[in-house]
Structure formats: C-alpha cells, structure tokens
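The values are calculated or read from the model by the stated rules, or taken from the named source; none is laboratory data. Note that the structure is a prediction, hence the values are computed from the model and not measured. Methodologically, a virtual Cβ is constructed for each residue, glycine included, from the backbone with ideal geometry; neighbour enumeration extends over all protein chains shown.
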2 protein chains.
Amino acid sequence: MKKEVAKKAKDKVVSWDKHLDKKYGLRGTVTRSEFETKSQTFILGELLKEEREKANLTQAEMAEKTGTKKSYISRIENGRADIQLSTLYRLIEQGLNRKLELTIH
Amino acid sequence: MKKEVAKKAKDKVVSWDKHLDKKYGLRGTVTRSEFETKSQTFILGELLKEEREKANLTQAEMAEKTGTKKSYISRIENGRADIQLSTLYRLIEQGLNRKLELTIH
DNA sequence: GGAAAAGTTCACTAATTAGTTAACTTTAAA
DNA sequence: TTTAAAGTTAACTAATTAGTGAACTTTTCC
C-alpha cells in the first residue's frame with residue numbers, strides 16, 4: 001500500500017526540462033528561446049547584484065563607476081532590461097574590475 | 001656578445017597585457033573597457049561564424065532560423081554590431097541549438 | 001572563365017535600450 | 001520608532017540596435 005502511494009507520487013514527478021519542453025516547446029523553438037532569454041536576464045541580474053554586494057558597492061557607487069545612474073542599475077539587477085553586450089562589459093569591467101567570459105555549449 | 005644582443009632584444013619584449021595597459025589604460029578604466037568591448041565583439045563574431053560553419057549553415061539559413069536577414073548576420077559576424085543579450089541568445093539557441101554560458105572571472 | 005551561391009556593405013525606418021529625474025518604498029542603524 | 005541611506009519604479013527623451021531591400025563583391029565549383 002505504501003508502495004502504491006509511492007508509485008502514484010512518482011508518476012507526478014516531472015523533470016524541470018521536461019516541464020519546460022511541454023510548456024514552452026523544445027530548445028531551439030521561438031517560444032522556448034523567449035522563455036530562456038527572460039530567465040537568463042533574470043539570473044544575470046541576480047549574478048550582477050551578488051557580485052556588486054561582494055565588492056561592497058551600493059547601486060549608486062556602481063552607477064558612478066560605470067557612468068550611469070542607480071535607477072538603471074536597479075532595473076538591470078531586477079531583470080527588467082535586455083541590455084547590450086557593451087553595457088554588460090562596462091558593468092563587469094569598470095564596475096567590478098572583473099572579466100566576462102562567454103561560452104557556447 | 002651574443003648574450004648582449006639577447007639582452008637588448010629581451011628589453012623590447014613586452015607582454016600583450018602590458019602593451020594594453022600602456023596604450024588603453026589599466027583594466028577597469030573607461031578607455032580600456034571600450035577597447036575590451038570592441039575586441040570582445042570581434043571575437044564573438046568570429047566564434048559565431050565558426051559555430052555556424054561547424055553546423056553547416058549559410059548566413060541565409062541562420063537568418064531564417066532566427067527570424068532575421070543574412071545582412072544582419074554578416075554584420076554581427078564581422079563585429080559591426082553591439083547586440084542585445086536577447087539577440088545573442090536567439091542566435092545561439094534558435095540558430096545553433098546550443099546554449100550560452102556567461103561567467104564572471 | 002563563367003555562373004551561381006554566399007557573403008558584405010549601404011541606406012533607411014521602426015523598435016528598443018540607455019540615460020535621466022523625481023517620487024516613492026524598503027532596509028538598517030541609532 | 002525615527003531617520004538616513006539604499007533601492008525601486010514611472011515617465012520621458014535621445015541614442016542605438018534591429019530589421020530590411022538592394023546593389024555589390026567574393027567564393028565555389030563546373
């Protein structure tokens with residue numbers, strides 16, 4: 001009996017990737033890629049925020065170093081901006097004194 | 001004597017990074033970061049071209065898959081475009097069926 | 001060498017980011 | 001609990017990319 005419950009429960013377990021395949025389509029499709037872009041934008045924002053905090057900078061300080069304003073930094077960190085590569089480089093190099101690496105898997 | 005020549009020659013050997021420090025300023029400065037962005041844009045174009053060719057696609061085919069035109073693909077591959085992240089994702093995901101990874105070093 | 005395919009460049013418009021100010025909300029420290 | 005600092009959001013303009021057609025150049029291959 002316990003086993004049966006376990007089995008039923010197991011049927012409902014779905015991998016994240018399969019969930020995404022079903023909800024947004026397979027990788028490489030337009031809808032899936034749109035979803036991926038949005039989540040990557042969000043994750044990148046979090047990453048930038050984390051690194052800024054590690055570097056002990058406020059958004060205002062980060063903005064000053066990169067020649068912009070704190071309101072814009074906030075937008076980026078909150079995943080509300082589809083930024084250009086030059087902007088990303090500026091934030092990482094001038095703002096954090098770090099380097100960005102791009103890899104295609 | 002041979003040694004002396006070698007010494008003189010050695011004095012003229014300069015590391016690439018030091019050359020860049022001198023010519024464009026240290027990492028994190030505005031001028032250096034502008035240079036870095038330009039070279040990264042160029043390198044990324046090469047990388048995309050290489051991967052497209054590996055995938056046996058023409059620029060026109062790549063354009064079709066990503067919903068744009070071959071003229072635009074050409075511009076990007078030749079480092080003439082400071083593209084948005086969404087554009088980069090589109091090229092890599094819809095065009096190449098691959099995944100992009102961003103890392104901060 | 002000639003033709004077809006592939007790639008590049010130019011010129012232009014539409015769409016979107018970058019940049020900014022100001023008001024508002026949240027957080028942290030006294 | 002008050003206050004100042006930090007962060008968020010909205011609204012707007014200016015600057016730049018995204019998108020496109022067409023002409024031109026280079027490469028490929030018969």
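Taking only region A:37-54 into account, find how many residues are more than 8 Å from the chain's Cα centre (by Cα) and not polar (S, T, N, Q).
First, pick out the residues of region A:37-54 that are more than 8 Å from the chain's Cα centre (by Cα): A:37, A:48-54.
Subsequent filtering for residues that are not polar (S, T, N, Q) retains A:48-54.
Total satisfying the criteria: 7.
What single numbered condition from (1) more than 10 Å from DNA strand D (Cβ to nearest atom); (2) free of Cβ contacts under 8 Å to residues at least 40 places away in the same chain; (3) more than 10 Å from chain A (Cβ to nearest Cβ); (4) buried (at least 17 other Cβ atoms within 10 Å of the Cβ) fails to hold for B:Glu61?
Answer for B:Glu61: the failing condition is (4).
Can you pull out every residue in region B:74-92 that is within 7 Å of DNA strand C (Cβ to nearest atom) and more than 7 Å from every other protein chain (Cβ to nearest Cβ)?
Those that are within 7 Å of DNA strand C (Cβ to nearest atom) and more than 7 Å from every other protein chain (Cβ to nearest Cβ): B:Ser74, B:Arg75, B:Glu77, B:Asn78, B:Arg80.
In this structure, does A:Arg98 turn out to be among the charged types (D, E, K, R) and more than 7 Å from chain B (Cβ to nearest Cβ)?
No, not satisfied.
Residues checked against (1) more than 13 Å from DNA strand D (Cβ to nearest atom); (2) more than 14 Å from B:Gly28 (Cβ to Cβ):
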{"site": "A:Ser39", "(1), (2)": "yes, yes"}
{"site": "A:Leu48", "(1), (2)": "no, yes"}
{"site": "A:Asn56", "(1), (2)": "no, yes"}
{"site": "A:Leu88", "(1), (2)": "no, yes"}
{"site": "A:Leu100", "(1), (2)": "yes, no"}
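With (1) at the interface with chain A (Cβ under 7 Å from one of its Cβ atoms); (2) at pLDDT 95 or above; (3) loosely packed, with under 13 Cβ neighbours inside 10 Å as the list, and B:His105 as the residue in question, which single condition is left unmet?
Exception for B:His105: condition (2).
Enumerate the pairs (first residue in region A:36-49 and more than 8 Å from chain B (Cβ to nearest Cβ); second residue anywhere and among the hydroxyl-bearing types (Ser, Thr, Tyr) and in a helix (DSSP H, G or I)) with beta-carbon separation below 9 Å, excluding pairs fewer than 6 apart on the same chain, so at least 6 apart or on different chains.
Taking only residues 6 or more apart or on different chains, the pairs are A:Lys38/B:Ser86.
Considering A:Glu36, A:Glu46, A:Glu51, which residue is on the phi < 0 side of the Ramachandran plot, of a type outside the set (Phe, Trp, Tyr) and away from DNA strand C (no atom under 16 Å from the Cβ)?
When all the criteria are applied, what remains is A:Glu51.
Take A:Val14 and decide whether it is over 19 Å from the mean Cα position of the chain (by Cα) and at pLDDT below 95.
Yes, satisfied.
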